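Below is one structure, written out as structure tokens; comments come after it.
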Amino acid sequence: MILIRHPGATQPIAVPGVVLRPPVAADAVDLGRLYFDAYEPGVAAETEQDALDDITLSFEGGYGVLDPTLSRLAWSGEQLVGALLVVERAPWPDTPDCPFIIELFTARSHRRLGIARLLLSVCANVSVALRVEDNNAAALALYHSVGFRGVADGN
Ligand SMILES: CC(C)(COP(=O)(O)OP(=O)(O)OC[C@H]1O[C@@H](n2cnc3c(N)ncnc32)[C@H](O)[C@@H]1OP(=O)(O)O)[C@@H](O)C(=O)NCCC(=O)NCCS
């Protein structure tokens, strides 16, 4: 289902020891590895190489032009622990005409620390949409907790 969140007042948040910065193409290998590890086997990519190829395609604009003002990587020291990739406009016919989150994931070792919520706070001042599977309970709980609602039904 597609969810959307409109701009609204948010509290400044931080996660101790975690620093955000925009992604660059040189991050593709680290990102591909984390992307592969973050999902259950076969959900996002069949192999680590597939994951890397998908991330490379994201950098090349295959899912829309990456927006460096809204996309962020989360680092704990030298370790990449989370990522939010946002495109200016998604290429699919059913996606709204606004920035679109094509990926959000947190390292298994760093979950429930508020990293995904921190990453999403970067988009607090714009309307932003995303697609989530109906059975992704963790993601649905996260998105609802920070104000995303269904495009179709407002729930
Ligand atoms: C979904 C995901 C990104 C959440 O990342 P995270 O950094 O652990 O999330 P946060 O710590 O910021 O959680 C914020 C809130 O989201 C909700 N939440 C997050 N994970 C949850 C879970 N497993 N079960 C229930 N609620 C959850 C909670 O309300 C949580 O607040 P709380 O910890 O104070 O209760 C992470 O589980 C992940 O990478 N999953 C695999 C990739 C994925 O499915 N991405 C989304 C694709 S649409």
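For this structure, a couple of remarks:
- Selection count where residues are more than 16 Å from the chain's Cα centre (by Cα) and part of a loop (DSSP other than H, G, I, E, B), scope the stretch 46-94: 9
- Residue that is nearest to the ligand (Cβ to nearest atom), among those in the stretch 95-109 that are free of Cβ contacts under 8 Å to residues at least 60 places away in the same chain, more than 14 Å from residue 20 (Cα to Cα) and outside any loop (DSSP other than H, G, I, E, B): 101
- Take the conditions (1) more than 15 Å from residue 6 (Cα to Cα); (2) more than 10 Å from the ligand (Cβ to nearest atom); (3) free of Cβ contacts under 8 Å to residues at least 60 places away in the same chain; residue 116 misses just one of them, which is (2).
- Residue pairs whose Cβ atoms lie under 6 Å apart, separated by 6 or more positions or on different chains, with the first residue in the stretch 77-91 and at negative phi and touching a residue at least 40 places away in the same chain (Cβ under 8 Å) and the second small (Gly, Ala, Ser) and not in a strand (DSSP E or B), are 81/107; 85/58; 85/71; 86/71.
- With respect to (1) within 11 Å of the ligand (Cβ to nearest atom); (2) under 15 Å from residue 3 (Cα atoms), the lone exception for residue 90 is condition (1).
- Selected residue (criterion: farthest from the ligand (Cβ to nearest atom)) from residues of the stretch 29-43 that are under 14 Å from the mean Cα position of the chain (by Cα) and in contact (Cβ under 8 Å) with a residue 40 or more places away in the chain: 31
Taken together, the values in this text are just the output of simple stated rules run on the coordinates, not laboratory data. Predicted model, so just to flag it, every value in this text is computed and none were measured. Every residue, glycine as well, gets a Cβ built from its backbone with ideal geometry; the counts of neighbours run over all protein chains shown.
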